[in-house]
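What follows is a single structure, written as structure tokens, with notes after it.
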Amino acid sequence: MSDNTVEALLRPPVEINVAYAAFFLSSIIYLCPTIFMLTEKVSYGVSILFILFGIYRYKQGYVIKKYHMNLKRLPDFSMNSNDVPVHKKSIWIGKGFDWNAIHTQRLSDLKKPSSREYTEMGYYYDKMRALEIKYEDSKAVSSFLSFLSIDVSFNPLKPLPPVGGDKSIHAVHLNEESDITFPLDTRSGHTLVQGTTRVGKSRLLEVLVTQAIHRKNDKGVFESAVVVLDPKGDAGLMARVFAEGKKSGRPVYIFHLGFPDISCRYNAIAGSFTRYTEIASRSTDALAGGGDNAAFKDFAWRFANVIAMAEVALGERPTFETIQEYMMNIEPLFIKYTELYLDKNDPGWVEIIEDMESKLKAIPKHLASRTKRTVVLSLYLQEQKIFDPIVRGLLSSVAYEKSYYDKITASFLPMLEKLTTGRTLELIAPDYDDLEDKRPILDWLKVARQNAIVYCGLDAMTDNTVSDVVGSNMLSDIVSMAGYIYKNGIEDGFGELSNDDVKPTFSIFADEFNELAGPRFVPLLNKAGGAGVNVTALTQSYADVPAKLGDENLSSVIYSNFNTIIMMRVKTKETAELLTNQLGEVYINNVTTVSGVNDNSNVDNQIHFTSKNEDRMTTEKVPVLETDTIINLPKGQAFALLDGARLLKLRFPLLSDCSDSLPPSIKQMYRVMTESYRTSQGWWKPSEFGEQTYASNTHAAHEVSNVETTQDYKRLMQDVDNNG
């Protein structure tokens, strides 16, 4: 069949014919031994030898025959989520094989013109597809053709699955594909999945999330909290997270900006923080900071920081709403804090202030627009030369002339207006004092302690600004919380009941992560890994992140922090090179057939001509994987570079639908998300992401707010509270 130098796979499987001949000869010898002048006992032995020889040859021929079959059509790969392997110390990522030089050689052979008959479907298959199109309006003919197109294994005319791409890429492995896993401890190096629209990234994400939800450690405890960040809002992914979470018995939290009635609430700027400056940074990160805008962003950050410090000192929790309120009118906060400060540090201040108010006549020009109380407090505090940083910050804020103050905060207020308009305000600026609101408030420390599961639908296609701010702040929150746990332990404050050895992990899955990429994403990748945070990020192309950040160097920093790369079909050479540039080169063989004839003009010589036929083999150095191979991948297939060293060819299963297992409220949400979801194809059409999307989400909010759904939601939240 082959030797150690050159394989001969693209040829008829002649070994099968030899096997049939051996089986036939064996039966003749067994039935009629006298024809071959054999005794009966000897004929039995000879017959068995021919059967063994036939089996040996048939196996050789079947390898080639199966190889030819797989070049045109691979078996389907689907499974139930219950059958997804879950290992304690490794992650299952599908079926496949290690890609090496022999596979590069076989793929190179398939690209030759002489190999077309082994890769093309053939005349009758193409004719069947043409007839289906020609007679699609004829019921009688269509019924007959549909009978010939039944999807059964022995029907060579059945249509190919709609996966596109080059079917032969995965078939270059002769042996049976095997389960592919990689060690769990490599997750701290983070994983990047890239693939263009509609090639199965979200379905791969379902496989990885399913394992993360059900995985337990050696002590039988769930291995990590699971957080799924979904900017676009994939209904199938949401349903998978909820269904698998409830199946595992773990607390499940659903946060979705497009469905305020059925969503958890989340303080987007002060959920978890260890320093006041974090609140100010999260508030202003979405502002443009380049060029002339840098000064305005710095001013906005400074005022937000002063407001945050004062609120926390007063025992209040900052939200976007309070930041906006005090940014527009900082006097109430100034008065409230300074009076509290003076109560603690200057017992006789009340009489002095009242006396100053009664005698005040000349108001400084820069305080002309302020109230008398603010003016008097400001003058008194300046006289006392108080060095409290919050007092000094508030003093400098009210010292600005109001019209000037409004100008330098003009770029900040429109963004705050977007974040505090409509029902989004209920979700990202929760009222902690509203005891009637049963929607839980998302807290990452509580999520860590519960080993809970969180799905975050950011509804980026409806309002990209809100999605960016909330998603970025969630990442910042998780980094801050992970650092706190790393230093203090998960049970800090429990005294003797605490267990300092418990170090929880967070498995973060970020679909369309370019929507979340920003300055906050860098520390999540290069610092939080030591605190137990691992990231699996999915995006479409290499250019997505630079386009989002506007900074090629920062993009390179982000990409450099992913040690494992899974590359599905992409559309640009630049994206494919993110993987291929990390690979080496291999040697492949090229066989050239040479034929020649030499005439002999000597009439006395009996040899009038000589001829020769020979095969010349040359060696060529080529990349182990070409970029066009990645670009031509079918849906549901990928190449993977695991931990920077192991190159794999993979294909992933399609998990069975789980929407039937959802409770009524979540099922309603799933249905509306399915109807309103749009891919990024056609992004240039304003109607697709304008009024239509807004109307669809408004209709969705109305539908999930009906009495039956609300009751289901209350029961659901009761279950969450009981689990927590």
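Quick notes on this structure:
- Between 0 and 90 degrees, the angle of helix 201-214 with respect to the longest Cα principal axis of the chain falls at about 70 degrees.
- Extension gain from ASN553 to LYS407, taking 0.36 nm per residue of separation minus the Cα-Cα distance: 49.3 nm
- Fully extended contour minus Cα-Cα distance, from ARG373 to TYR432, at 0.36 nm per residue: 18.2 nm
- Length-normalised contact order of the chain in % [C-alpha pairs under 8 Å, at least 6 apart]: 21 percent
- Size descriptors for the range 351-466: radius of gyration and Dmax over Cα atoms are 21.7, 63 Å.
- Along each principal axis, Cα extent of the range 221-350, largest first, Å: 63, 42, 29
- Percentage, to the nearest whole number, of Cα pairs in the range 114-232 over 20 Å apart: 66 percent
- Pairwise Cα distances in the range 267-429 exceed 24 Å in 38 percent of cases.
- The modelled label-to-label distance between SER358 and ASP660, using points 7 Å beyond Cα along the C-beta direction, is 8.3 nm.
- Virtual spin-label span in nm between GLN384 and THR593, 7 Å along Cα→Cβ: 10.0 nm
- Per-residue ellipticity at 222 nm from helix content only, as computed over the chain with -39500 (n - 2.57) for each DSSP H run of at least four residues, stands at -14500 deg cm²/dmol.
- Taken over the range 82-128, the ratio of Cα radius of gyration to 2.2 N^0.38 Å equals 1.92.
- Taking 0.36 nm per residue of separation and subtracting the current Cα-Cα distance, fully stretching the chain between ASN605 and THR674 would add 16.2 nm.
- Normalised by the number of residues in the range 14-72, the mean separation of alpha-carbon contacts (under 8 Å, six or more apart) gives a relative contact order of 49 percent.
- Neighbour counting of Cβ atoms within 10 Å sorts the residues SER263, SER556, fewest neighbours leading, into SER556, SER263.
- Kirkwood Rh and Cα Rg combined as Rg/Rh, the range 335-409: 0.97
- Computed over the chain, the P(r) curve from all C-alpha pair distances, binned at 10 Å from the origin, holds 2, 11, 18, 19, 16, 12, 8, 5, 4, 2, 1, 1, 0, 0, 0 percent per bin.
- Proximity of backbone amide H atoms, modeled 1.01 Å from N, is registered between LYS216 and GLU223 at under 5 Å, excluding neighbours fewer than 5 places apart on the same chain.
- Along each principal axis, taking the top coordinate minus the bottom one, the Cα set of the range 1-118 gives 62, 43, 25 Å in descending order.
- Estimated D of the range 57-195 in µm² per second, where Rh is the Kirkwood radius over Cα pairs and Stokes-Einstein applies at 10 °C, 1.306 mPa s: 86 µm²/s
- Sites LEU160 and ASP137 - FRET efficiency at Förster radius 25 Å, r taken between beta-carbons, to 0.05: 0.60
- Rounded to the nearest 10 degrees, the angle from helix 101-110 to the longest Cα principal axis of the chain is 70 degrees.
- Values of log10 I(q)/I(0), in the order q = 0.19, 0.21, 0.28 Å⁻¹, for the range 125-185 under a Debye, Cα-only, solvent-free model: -0.85, -0.95, -1.21
- Other-chain or far-sequence residues with amide H under 5 Å of ARG265's (modelled H): ILE441, LEU442
- Neighbour counts of other Cβ atoms within 10 Å put LEU662, LEU49, LEU204 in the fewest-to-most order LEU49, LEU662, LEU204.
- Annotation: the residues ASP230, ASP285, ASP433, sorted from fewest to most other C-beta atoms within 10 Å of their own C-beta, follow the order ASP433, ASP285, ASP230.
- Helix axis angle, 40-72 relative to the chain longest principal axis, alpha carbon, degrees: 40 degrees
- For the range 14-72, a Kirkwood radius taken over Cα pairs fed into Stokes-Einstein (37 °C, viscosity 0.692 mPa s) yields D = 271 µm²/s.
- Proximal charge balance of ARG392 [Cβ under 13 Å; K/R count +1, D/E count -1]: +1
Any read-out appearing in this document is the output of simple, stated calculations on the displayed coordinates, not a laboratory observation. Keep in mind that this is a model prediction, so the values were computed, not measured. For neighbour counting, all protein chains shown are included, and Cβ atoms are generated from backbone atoms with ideal geometry for every residue, glycine included.
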